[in-house]
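Taking it in order: structure first as structure tokens, then the write-up.
The values are calculated or read from the model by the stated rules, or taken from the named source; none is laboratory data. Everything numeric in this text was worked out from a predicted model, so none of it was measured. Here the Cβ positions follow ideal geometry from the backbone for every residue, glycine too, while neighbour counts run over all protein chains shown. Note: accessible area is taken over every heavy atom of the protein model, side chains too, but ligands, DNA and RNA are not part of it. Shrake-Rupley method; radii C 1.70, N 1.55, O 1.52, S 1.80 Å.
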Amino acid sequence: AGGHTTEILRLLSCLSESYSPRHYVLADSDKMSEAKIRSFEQKRAETFSESQFSLDRIPRSREVRQSWISSVVTTLYSILYSLPLTYKRKPDLILCNGPGTCVPVCLSAFVLGLLRIKRTIIVYVESICRVETLSLSGKILYYFSDYFIVQWPDLKKKYPKSVYLGRIV
Amino acid sequence: FRFKDSLAEDLRSADLVISHAGAGSCLETLEKGKPLIVVINDKLMDNHQLELAKQLHRDGCVLYCNCSTLVETLQSMDLSALKPFPPGQPEKFASFLDKVFGLQ
């Protein structure tokens, strides 16, 4: 959604064609990201002719400031919804940067890993807006990701298992 | 206007930008090299939005005020004291991922 999409497209900007095909997962309520993604991929196709990508939508797992209890329910629903999608795509890598949408996708991949169906590497990049505190998605995925990247030194101090590369967007 | 798809045109022709603390607005403005005054809304509870604005202020890249001190800030501002905002480096991220997957 919005800022998250812009950030993640910047993260993708320097990746080689080894990171292909790219499967984008969006919240069903997200109206603007699809256009940004298509525009990004179109530009990419100008340089890398074999550029492949797809777009999938899942139900939004949580509205801003939704209550804790109903969030657990809607997130569980989103995880169940994500399982067949993650199973179908069996990604080698999941890259995400914080919108609520990413939590069920990552957790479904984590589950498939526990079941020995597919081992996916989960890389989480916390938004550049997060200087001192982690987002809720970050707090959860800090424990489930293989690599957790922060963009400001304060967070690296608070979350020692994280990776600090400086500002990358 | 209420909403535009892109503020890029307006940003290009502006000499000074006064904005709320939204990250997108701040970063877009700073990347275009325009001086920026960030106005904090004391009544909005969205505290995490302030983190970036405060950091940018600490780094000397933006001026910082609230609605009631805006006029005073405009009167006393020294825009030449603002430091440039270096761009992010996504290539570092690409390099990191390549190492993870043994693609180097």
Just going by the charge dipole of the protein assembly as shown, with Lys and Arg at +1 and Asp and Glu at -1 on Cβ, which of A:I94, B:S6, B:L82 is farthest out on the positive end? A:I94
Beta bridge orientation in the protein assembly as shown: antiparallel %, DSSP, nearest 5: 0
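Using only protein heavy atoms and a 1.4 Å probe, how much accessible area in total is buried between B and A, to the nearest 100 Å²? Let's see the in-between values first.
On the way: alone 7730 and 9950 Å², together 15250 Å².
Answer for the B-A pair: about 2400 Å² buried.
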Any idea of the accessible area per residue across chain B, 1.4 Å probe, to the nearest Å²? 62
Given a 1.4 Å probe and heavy atoms of the protein chains only, how would you sort A:S70, B:S68, A:S82, largest accessible area at the top? B:S68, A:S70, A:S82
In debye to the nearest 20, how big a dipole does the range A:1-143 give about its Cα centre with +1 on each Lys and Arg Cβ and -1 on each Asp and Glu Cβ? 300
Exactly which trypsin sites (Lys or Arg not before Pro) in the range A:42-147 are in a DSSP loop and have at most 15 other Cβ atoms within 10 Å? A:R65, A:R116, A:K118, A:R119
Considering only protein heavy atoms and a probe of 1.4 Å, how much of the accessible area of the protein assembly as shown is carbon and sulfur, as a whole percent? 57
Along the Cα→Cβ direction, 7 angstrom out, place labels at B:D15 and B:L74. What is the inter-label distance in nm? 1.3
Principal-axis tilt of helix B:48-58 within chain B, Cα atoms, nearest 10 degrees: 80
Per-q log10 I(q)/I(0), the range B:7-101, q = 0.19, 0.21 Å⁻¹ (Debye; single scatterer per alpha-carbon; no solvent): -0.91, -1.06
Of B:71-82, A:20-31, ordering from highest average Cβ density within 10 Å down gives A:20-31, B:71-82
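Please give the calculated 222 nm ellipticity per residue for chain B, where each DSSP H segment of at least 4 residues contributes -39500 (n - 2.57) and the sum is spread over every residue; nearest 500 deg cm²/dmol?
Details: 5 runs with 44 residues, N = 104.
Computed mean residue ellipticity for chain B: -12000 deg cm²/dmol.
Using a 1.4 angstrom probe with every protein chain in place, what is the largest-first accessible-area order of B:F96, A:F53?
Numbers: B:F96 30, A:F53 75 Å².
From most exposed to least exposed: A:F53, B:F96.
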Do any cysteines in chain A lack another Cys Cβ under 4.7 Å, and if so which? A:C14, A:C106, A:C129
10 Å Cβ neighbours from other chains, averaged over peptide A:142-155: 1
Taking the Cα centre as origin and putting +1 on Lys and Arg beta-carbons and -1 on Asp and Glu beta-carbons, what dipole magnitude results for the range B:7-101, to the nearest 20 debye? 220
For chain A, report the % of Cα-Cα distances exceeding 20 Å. 53
Just give the residues from the range B:83-99 buried by at least 10 square angstrom of accessible area in the all-chains context relative to the isolated chain, probe 1.4 Å, and say none if nothing qualifies. B:F85, B:P86, B:G88, B:Q89, B:P90, B:E91, B:K92, B:F93, B:A94, B:F96, B:L97, B:D98
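For chain A, what number of Lys pairs, 8 or more residues apart or on separate chains, have alpha-carbon atoms under 20 Å from each other? Don't skip to the answer; put the middle values down first.
On the way: A:K88/A:K118; A:K90/A:K118; A:K139/A:K156; A:K139/A:K157; A:K139/A:K158; A:K139/A:K161.
Count of close lysine pairs: 6.
Using helices alone, I'd like the mean residue ellipticity at 222 nm for chain A: each DSSP H run of four-plus residues gives -39500 (n - 2.57), total over residue count, nearest 500. Spell out each step's value before the answer.
On the way: 6 runs with 73 residues, N = 169.
Helices in chain A give a 222 nm mean residue ellipticity of -13500 deg cm²/dmol.
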Percent RCO, i.e. relative contact order, over chain A, from Cα pairs under 8 Å lying at least 6 residues apart: 18
